[in-house]
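The values are calculated or read from the model by the stated rules, or taken from the named source; none is laboratory data. Note that the structure is predicted; figures quoted are calculated from it, not measured. Glycine also receives a Cβ, built like all others from the backbone with ideal geometry; neighbour counts cover every protein chain displayed. Surface areas here come from the heavy atoms of the whole protein model, side chains and all, with no ligands, DNA or RNA. Shrake-Rupley method; radii C 1.70, N 1.55, O 1.52, S 1.80 Å.
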Amino acid sequence: MKTPFKLIRIHAFAACAMFLTPLAAVADDVSIRLGHVLPESHSWHIATTGFAEEVTTRTEGRVQIEVFPSGQLGSEKEVIEGLQFGSVQAGLIGAGSFQGVEPRMGIIEMPYAWEAREQAFAALDGELGDALEGLPEPKGLMRCSSIPLFIAHLA
């Protein structure tokens, strides 16, 4: 079954090169720690490492993203706390894990909310998805591009 793009966007948060470009102008070198709980064999980890390599290439090495898979920086909850405290700059995190920061995000994990996957996908690709998408931002966590990734608000 094909997973809707907005569902993926809501379920994953990490770093974005466009947002980080101003940081490269301010500092000689920028190092970003990106943590997630997925195994190295997972497609999202593979995409994240490719993204990290592309950021390094496009910034001519001024921005380095170090990816920590398999819970090396802790659980999703601990990565979120790290994002808020600044010890972690990016994370690939399931939306349900944001319930502690924004309780309304818990609707993603609510059992029996929809009768079928297609219903859930339609809701998350519609108004519900639009409403949930911006909820973490006031907590210092923001999506910065159309890729399925969010970052800690560094400003």
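Would you confirm whether any residue within the stretch 101-109 is in a loop (DSSP other than H, G, I, E, B) and in contact with a Pro (Cβ under 7 Å, 6 or more places away or on another chain)?
For the stretch 101-109, residues in a loop (DSSP other than H, G, I, E, B) and in contact with a Pro (Cβ under 7 Å, 6 or more places away or on another chain): present.
Could you look through the stretch 28-60, keep only residues that are hydroxyl-bearing (Ser, Thr, Tyr), part of a helix (DSSP H, G or I) and closer than 22 Å to GLU78 by Cβ, and pick out the one that is least open to solvent (accessible area, probe 1.4 Å)?
By that ranking, first place goes to THR48.
Collect the residues in the stretch 61-84 that are of a type in the set (A, V, I, L, M) and either surrounded by fewer than 14 Cβ atoms within 10 Å (Cβ to Cβ) or in contact with a Leu (Cβ under 7 Å, 6 or more places away or on another chain) (or both), keeping them in residue-number order.
Those that are of a type in the set (A, V, I, L, M) and either surrounded by fewer than 14 Cβ atoms within 10 Å (Cβ to Cβ) or in contact with a Leu (Cβ under 7 Å, 6 or more places away or on another chain) (or both): VAL63, ILE65, VAL67, VAL79, LEU83.
Evaluate the following for ILE93: is it in contact (Cβ under 8 Å) with a residue 60 or more places away in the chain and open to solvent by 20 Å² or more (accessible area, probe 1.4 Å)?
Considered against the rule, which asks whether it is in contact (Cβ under 8 Å) with a residue 60 or more places away in the chain and open to solvent by 20 Å² or more (accessible area, probe 1.4 Å), ILE93 comes out as no.
The conditions are (1) under 18 Å from GLY140 (Cβ atoms); (2) touching a residue at least 40 places away in the same chain (Cβ under 8 Å); (3) in contact with a helix residue (DSSP H, G or I) (Cβ under 9 Å, 6 or more places away or on another chain), and GLY86 fails exactly one of them. Which is it?
So GLY86 meets the others, but not (3).
May I ask you to list pairs of residues, at least six apart or on different chains, whose Cβ atoms are under 7 Å apart, with the first in the stretch 101-122 being under 27 Å from GLN84 (Cβ atoms) and the second being outside any helix (DSSP H, G or I) and not hydrophobic (A, V, I, L, M, F, W, C)?
That search, which allows pairs on different chains as well, returns VAL101/PRO136; GLU102/PRO136.
Answer yes if at least one residue in the stretch 20-32 is within 19 Å of LEU132 (Cα to Cα) and either at pLDDT below 85 or not aliphatic (A, V, I, L, M) (or both), and no otherwise.
No, every residue in the stretch 20-32 fails to be within 19 Å of LEU132 (Cα to Cα) and either at pLDDT below 85 or not aliphatic (A, V, I, L, M) (or both).
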